[in-house]
Amino acid sequence: MDYYLKKIRRLLLNPGFWLIFVVFVLIAVPHYDSTLRHPAFVDSLISGLGLTRYTFERLLFLAPIVWAGCIFRFRGAFFCSLLALALMLPHAVMISGNRGTALLETAAILIVGNLIAFTIDSLRHSRERRIEMENMQRELHTSEQRYRSLFEDAHDAIWLQDMNGNIVASNNANKALTGYDVSEIVGMHVRQFLSPEALDIARKVRRRLIEDKSPGETYDQNIRRKDGNDALIRLSSSVIRLNGKPIGFQHIARDITEEQRITENQRLYLEQVTRAQELERKRISRELHDDTIQSLVVLSRKLDALAGSKENISQEFRTKIEEIWQQCNNIMQGVRRLSQDLRPAALDRLGLLPAIQMLASDTSQYSGIPINVRMLGTERRLGEEVELVLFRIVQEALRNIWRHSEANRAEVVVEFTIYKVKITVSDNGKGFDLPLSVGDFAKNGKLGLAGMEERARLVGAVLTAESRPFQGTSISIELAA
């Protein structure tokens, strides 16, 4: 109701409405009052046109109908034509001397008036549509210029190719990436940059993009530059569609050859450092086992023999010797545990699972935390370096449980499948808030977890951590077999 009241109020406040109303009054009053005379020049005009007075007055009703169409569009003209009909019809039926002619003229006025109003409205609509299209074209041209500027001056290389693999557009950054100018690269086929292996990767990506209708896919690809050298690029590819049908592909790429070389050097450096650390650990462990522990064993036996000798030794002195013997045994156990931690002999002799079982047993003894070890699947030996890295990760995880978790139960699950090896170390301790990514462990002070993640990357394993305050922690290492 309020909506219609607002429309009526807006109509009444429009000066055009009152102008049309006045025109209707000025036409209708003399049309019904024959005593009112038109000005002389109007009478002369009527005579000159060969019209009757009432025919002329009916023609005047076209004016408000057409004017209403100009102001209020065709709907306004239609309502005005109904009002004109209401004003002309009584005169044509009851007053006019020639009723048939009067009705015919009334109908003609209504039809012609509406046709003129409809034509004007259509012309105005066409003009507005034309202006709208011109504005859209200007905006499209501006947007195209802006996109072209971004496209051509982008730091990353961008190119478009059709469904057959022909490059149809390229930006300036491709010069640094491929060595070809824009004028050279446009029209080339992508196979000119790709080896058979790289072309096979491109076909697989293309198939996934089209079939899965995914928005894009990022992957690494090797290309052959103009100078004949190879480059490693990181590509982000997406499908260009028109009405849901794929018509081409857009690729955004950047050169990661140097980045990859630095990463590879860092990985090799870490491998060498880790290998050197393990060799040093192995040397120290062997020296502790062959030298220190053996010396402590000899010392322990001498103290035991001295305490049990039949020589005239006071009880007090014998008691002190037994205390020293016990301390010697404790030191020997500690050194043996240190030697085991430095380089578990069971890992080399028996393999990963027995070494983990012995590690869990030893950790349970000195920490007092029951640690259960379970195996899923069929056990098999892995590479020496891989087994060592996985063992070190489990060792660090159990050490964290002992030192920080306040847990009273822990479990190690070693899972062997055809495609992977997965180890999960979990506890029911106090847990902690995880950072947003595994790479933030060191920044948040979780150096043990950072070291575990770094070791996992050395052998291509993936480390994931799950933890919440007071809900325990779970560390998983997954390695493709």
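The values are calculated or read from the model by the stated rules, or taken from the named source; none is laboratory data. Small disclaimer: the values here were computed from a predicted structure and weren't measured. Backbone-built Cβ (ideal geometry, glycine too); neighbour counts: all protein chains shown. Just so you know, the surface numbers come from the protein's heavy atoms only, side chains and all, with ligands and any DNA or RNA stripped out. Shrake-Rupley method; radii C 1.70, N 1.55, O 1.52, S 1.80 Å.
Using helices alone, what [θ] at 222 nm do you get for the chain, with -39,500 (n - 2.57) per DSSP H run of 4 or more residues, divided over all residues and rounded to the nearest 500? Mind dumping the intermediate values first?
Values: 16 runs with 281 residues, N = 481.
Taken over the chain, the calculation gives -19500 deg cm²/dmol.
Tilt of helix 352-367 relative to the longest C-alpha principal axis of the chain, in degrees (0 to 90, nearest 10)?
So the inclination is approximately 80 degrees.
Please give, to one decimal in nm, the separation of the simple spin-label points placed at Thr417 and Val168, each 7 Å out from Cα toward the Cβ.
4.3
For the chain, calculate the relative contact order in percent as a whole number, restricting contacts to Cα pairs under 8 Å that are 6 or more residues apart. Could you put the intermediate results ahead of the total?
Working: 596 pairs, mean separation 31.5, N = 481.
Relative contact order for the chain comes out at 7 percent.
For Glu280 and Arg381, what does the FRET efficiency come to when R0 = 22 Å and r is the distance between their Cβ atoms, rounded to the nearest 0.05? Write down the numbers at each step before the final one.
On the way: r = 25 Å, r/R0 = 1.12.
Calculated transfer efficiency: 0.35.
Pop the C-beta distance of Arg301 and Ile262 into the FRET formula with R0 = 51 Å and round what comes out to the nearest 0.05. Can you show the working numbers first?
Values: r = 57 Å, r/R0 = 1.11.
Here the calculated transfer efficiency is 0.35.
Count charges around Gln294 for me, please; just the other residues with Cβ under 14 Å from its Cβ, Lys/Arg as +1, Asp/Glu as -1. Show your work: numbers first, answer last.
Working: positive: Arg286, Arg301, Lys302, Arg336; negative: Glu287, Asp290, Asp291.
Taking every other residue near Gln294 into account, the sum is +1.
Give the angle, between 0 and 90 degrees and rounded to the nearest 10, that separates the Cα long axis of helix 99-153 from the longest principal axis of the Cα atoms of the chain.
30
Which of these values of P(r) over Cα pairs in 20 Å bins from 0, in percent was calculated from the structure shown: (i) 15, 28, 23, 18, 11, 4, 1, 0; (ii) 24, 58, 17, 1, 0; (iii) 15, 24, 19, 15, 14, 9, 4, 1, 0?
(iii)
Using a Förster distance of 56 Å, how high is the FRET efficiency between Leu103 and Gln137, based on the Cβ-Cβ distance and rounded to 0.05? Walk me through the numbers on the way to the answer.
Values: r = 51 Å, r/R0 = 0.90.
The formula returns an efficiency of 0.65 here.
Looking at the chain, which longest stretch skips every one of the trypsin sites (Lys or Arg not before Pro) that is in a DSSP loop with at most 12 other Cβ atoms within 10 Å, leaving the sites themselves out? Let's see the in-between values first.
Working: sites that count: Arg37, Lys213, Lys310, Arg380, Arg381, Lys443.
Longest stretch, sites excluded: 38-212.
At 0.36 nm per residue, minus the direct Cα-Cα distance, what do Asp227 and Glu454 gain on full extension? Give it in nm, one decimal, please. Before the final figure, lay out each step's value.
Values: separation 227, 0.36 × 227 = 81.72 nm, distance 3.70 nm.
Contour length minus Cα-Cα distance gives 78.0 nm.
Determine the sum of side-chain charges near Arg73: Lys and Arg each +1, Asp and Glu each -1, restricted to other residues whose C-beta is under 10 angstrom from that of Arg73. Before the final figure, lay out each step's value.
Working: positive: Arg75, Arg124; negative: Asp121.
Spelling it out: positives minus negatives among the neighbours equals +1.
The stretch 231-274: D in µm²/s via Stokes-Einstein (Kirkwood Rh, Cα pairs, 10 °C, 1.306 mPa s)? Don't skip to the end; give the middle numbers.
Numbers: Rh = 13.0 Å.
Stokes-Einstein gives a translational diffusion coefficient of 122 µm²/s.
Give me, ordered by chain and number, the residues 5 or more places off Ile240 or on other chains with an amide H under 5 Å from its own placed amide H.
Long-range HN contacts for Ile240: Ile247, Gly248, Phe249, Gln250.
Please give the contour-minus-distance gain from His38 to Lys320: 0.36 nm per residue of separation, less the Cα-Cα distance, rounded to one decimal in nm.
That works out to 86.8 nm of additional length.
With a 1.4 Å probe and all protein chains left in place, how much accessible area per residue does the stretch 339-396 have, in Å²?
Each residue of the stretch 339-396 exposes 44 Å² on average to a 1.4 Å probe.
Whole-Hz Karplus ³J(HN,Hα) for the stretch 291-300, in order, using 6.51 cos²θ - 1.76 cosθ + 1.60 and θ = phi - 60°, x for Gly and Pro?
10, 5, 5, 5, 5, 5, 5, 4, 4, 4
May I ask you to give the percent of accessible area on the stretch 249-366 that is carbon plus sulfur, with a probe radius of 1.4 Å?
Values: 4040 of 7580 Å².
Carbon-and-sulfur percentage of accessible area, whole number: 53.
Express the accessible area of the stretch 270-326 per residue in Å², computed with a 1.4 Å probe while the remaining protein chains stay in the model. Display every interim value, and only then the final one.
Details: 4230 Å² over 57 residues.
That works out to 74 Å² for each residue.
Would you mind calculating the gained length between Arg124 and Glu287 on full extension (0.36 nm times residue separation, minus the Cα-Cα distance), in nm to one decimal?
Details: separation 163, 0.36 × 163 = 58.68 nm, distance 10.03 nm.
Extra length available between Arg124 and Glu287 comes to 48.6 nm.
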